[in-house]
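Undergrad: Handing you this structure, nothing more for now.
The numbers here are math on the coordinates, done by the rules we state, and not lab data. Predicted model only: the values in this text are computed from it and were never measured. Every residue, glycine among them, receives a Cβ derived from its backbone with ideal geometry; neighbour counts consider all protein chains shown.
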Amino acid sequence: MIHRKFRHYKKKHQIKAGNDYLVMKLSEELGEFVQAYIISKKQCAKQKRLTDRKAIANLTEELADVASLTMVFTQENDLDLEKIFKKKWIDTTPKGFK
Ligand SMILES: [Mg+2]
């Protein structure tokens, strides 16, 4: 679903979106997530501050953008995200972890 919407977005805006574009967009969205986090912690200029409810909504929206672009990147490159997570976080146990 996300991938289909992204393809529609690319077509609609006539964007030639290869890996370079996806990595740049991922970086942009990560920056937006960090900014939303800073705002949620009220560590920003007073005029940028939001209510707690709006700040959390903004934060989760930006997190969704980061996750969505990660998913699109893996799909565009025929990578199995579930397999990648499993290999990285489930199948290996860090030294000292009990
Ligand atoms: Mg965003």
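Undergrad: Give me the percent relative contact order of the chain, please, defined on Cα pairs under 8 angstrom at least 6 residues apart.
TA: 31 percent
Undergrad: How big is the chain by Rg and Dmax over its Cα atoms, in Å?
TA: When restricted to Cα atoms, the chain yields Rg and Dmax of 16.9, 51 Å.
Undergrad: Let me ask something additional. With +1 on the Cβ of every Lys and Arg and -1 on the Cβ of every Asp and Glu, and nothing else charged, how large is the dipole of the chain about its Cα centre, in debye rounded to the nearest 20?
TA: 300 debye
Undergrad: On alpha-carbon atoms, Rg over Rh for the stretch 1-46 using Kirkwood Rh?
TA: Ratio of gyration radius to Kirkwood radius: 1.16.
Undergrad: Under a Cβ-Cβ cut-off of 14 Å, what is the net charge of the residues other than Glu32 that fall near it, where Lys and Arg count +1 and Asp and Glu count -1?
TA: -3
Undergrad: Can I ask one more? Which one of Tyr9, Thr70, Ile56 is farthest out on the positive end of the charge dipole of the chain, using unit charges on Cβ (Lys, Arg +1; Asp, Glu -1) and the Cα centre as origin?
TA: Ile56
Undergrad: Report the local net charge at Asn77: Lys and Arg +1, Asp and Glu -1, summed over other residues whose C-beta lies under 14 Å from its C-beta.
TA: So the environment of Asn77 carries a net charge of -3.
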